[in-house]
1. Of A107, A131, which residue is surrounded by 15 or more Cβ atoms within 10 Å (Cβ to Cβ), farther than 30 Å from E21 by Cα and either out of contact with any Lys or Arg (no Cβ under 9 Å at 6 or more places or on another chain) or not aromatic (F, W, Y) (or both)?
2. When the residues of segment 318-328 are narrowed to those that are surrounded by fewer than 24 Cβ atoms within 10 Å (Cβ to Cβ) and at pLDDT 95 or above, which ends up farthest from M223 (Cα to Cα)?
3. Can you tell me which of (1) in contact with a helix residue (DSSP H, G or I) (Cβ under 7 Å, 6 or more places away or on another chain); (2) over 30 Å from N358 (Cβ atoms); (3) of a type in the set (A, V, I, L, M) is the one L119 doesn't meet?
4. Within segment 252-264, does at least one residue satisfy the condition of being surrounded by fewer than 22 Cβ atoms within 10 Å (Cβ to Cβ), at pLDDT below 90 and under 22 Å from the mean Cα position of the chain (by Cα)?
5. Can you tell me which residues in segment 164-198 are farther than 26 Å from T5 by Cα and either within 29 Å of the chain's Cα centre (by Cα) or free of Cβ contacts under 8 Å to residues at least 24 places away in the same chain (or both)?
6. So which strands (runs of 3 or more DSSP E) stay within segment 311-380 end to end and still have 2 or more residues that are farther than 21 Å from G192 by Cα and either among the β-branched types (V, I, T) or in contact (Cβ under 8 Å) with a residue 40 or more places away in the chain (or both)?
7. Taking into account only those residues within segment 60-92 that are hydroxyl-bearing (S, T, Y) and touching a Phe, Trp or Tyr at 6+ places or on another chain (Cβ under 8 Å), which is surrounded by the fewest Cβ atoms within 10 Å (Cβ to Cβ)?
8. Taking segment 418-448 as the region of interest, how many residues are under 21 Å from E81 (Cα atoms) and free of Cβ contacts under 8 Å to residues at least 40 places away in the same chain?
Amino acid sequence: MSGITLALELSKHGHSVSLNEGGLANYTSESQNMYHGKVIGDKYAPITSSRLRFLGGSSNHWGGMSRTLEEMDFDRSDISEHIKWPFKKNELDPYLKDAQEILDLNAIYTSQSIDNSQLKFINFEWSKNKAVNFKSKYLDSLKSNRFIDLSVDANLVGCKTQNKKISGLFFRSTSSENRYLVKAKIFIFCMGGIENARLMLWLRELHGEDFCSHMLPIGKYFMEHPHLTVGEVVFFKPFNPPKGYFRELDNFVTLALSEKAIREHRILNAGIRIRGLKAQETKEIVKELICHAPNIPFQDSRNEWCAKQLQFAYEQEPVAKNNVKLDKSLKDYLGIPRVILDNRQTELDFRTLNTTFNVFNSWLLENNIGRIKKSKWLIDKNINFDVEYPMLEFAGHHMGTTKMSNNIATGVVDKNCKVHGCENLYMCGSSVFPTGGHTNPTLTIVQISLRLAMHLKLRYI
């Protein structure tokens, strides 16, 4: 997504672009296998299943769900000095309209506070008709554009560099051992939250300080969006969110804590997703509630009660110990070390989950709105993250491994996505995110890509 967005945007200003796709035009198992790697730490799906290696990348399985990051997501220095972006949300806002056009979105992202509570409704929006597949939407434009030279099966295997300036990148296809050199004024890695770090680490292994400083925290601060089913909730009357905050097609509504509440509790951001249940499931849950709590009020309104599934999607704390590193013992077809992904929940992650749950539960109890059946595994506060996280799932959102920061000790790129100390190398995509919020990253990825294109246009006009 990021590479195609940049190529098309830069070509509008007359810049010649060499767009090199490591995969083919279509999916192949052989190419996909290049993404194979080890996972250690918390339960996680095979990393080959959470990213796609062919033209269009992860847009080939994007569901179309979108929302911008919140303003507070850009600065969480109230928790830790390094958990912040080097700019505010308003620097991405000018690119929202164009990003929505690229993604076939026509949305206004809103929130509505719930009276006398620490909660608010928030809305997500979806691409019109069907989620945008960048290959399907933009392949003809890429082929016909006289400023863009598109190559597939172009696998990055090395670089030509001196004094932290790159003069060319070496590529090869999977069908030939011959390398070829692509020269340019600037180079941009748009390979995703794992591959950006993997290739950066590999090139630094090959070229040392000539490529980039060993001080750069490449691969560190990996983040995801954990998803958890935390229980079921029974409402004592029909749960009717305000207009615009629920779509029957998706069958869920999202609540979140207010910024004031999040900062007061010193936790991260999270979305509370309330999903509809089938009629039989609802009957069983209501029956169980009446059995265990026969004296709860509003018994005469049982026919109006409704039960919902309670899911959380929350942001992960960016910590250096969650990282992508090279597996020196296992190489891919091209001779490049595969990756080891080390990802573990922190105490702050778990506290975010529990505090958000407790705030929502208190709202139900104080207003006598309903009751929650809490998942048994969540009751144990001494849970072992490595073993006892049975409901933990992830969204396949890889973020943070080449993150932005003004400080070289905590960031790989500066506010313009340029690698610290390297004159002409840039990173783009969710790997540069310093924080992840709890919303899908696709829209923000495209906004950042457009912002980088504008920066390059002004610099190389």
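1. A107
2. Top of the filtered list is D327.
3. That leaves (2) as the condition not met.
4. There is at least one residue in segment 252-264 that is surrounded by fewer than 22 Cβ atoms within 10 Å (Cβ to Cβ), at pLDDT below 90 and under 22 Å from the mean Cα position of the chain (by Cα).
5. Selection gives S175, S176, E177, N178, R179.
6. Result: 370-374.
7. T68
8. Residues in segment 418-448 being under 21 Å from E81 (Cα atoms) and free of Cβ contacts under 8 Å to residues at least 40 places away in the same chain: 1 in total.
The values are calculated or read from the model by the stated rules, or taken from the named source; none is laboratory data. All values reported here derive from a predicted model rather than from experimental measurement. Cβ: placed from backbone, ideal geometry, glycine included. Neighbour counts: every protein chain shown.
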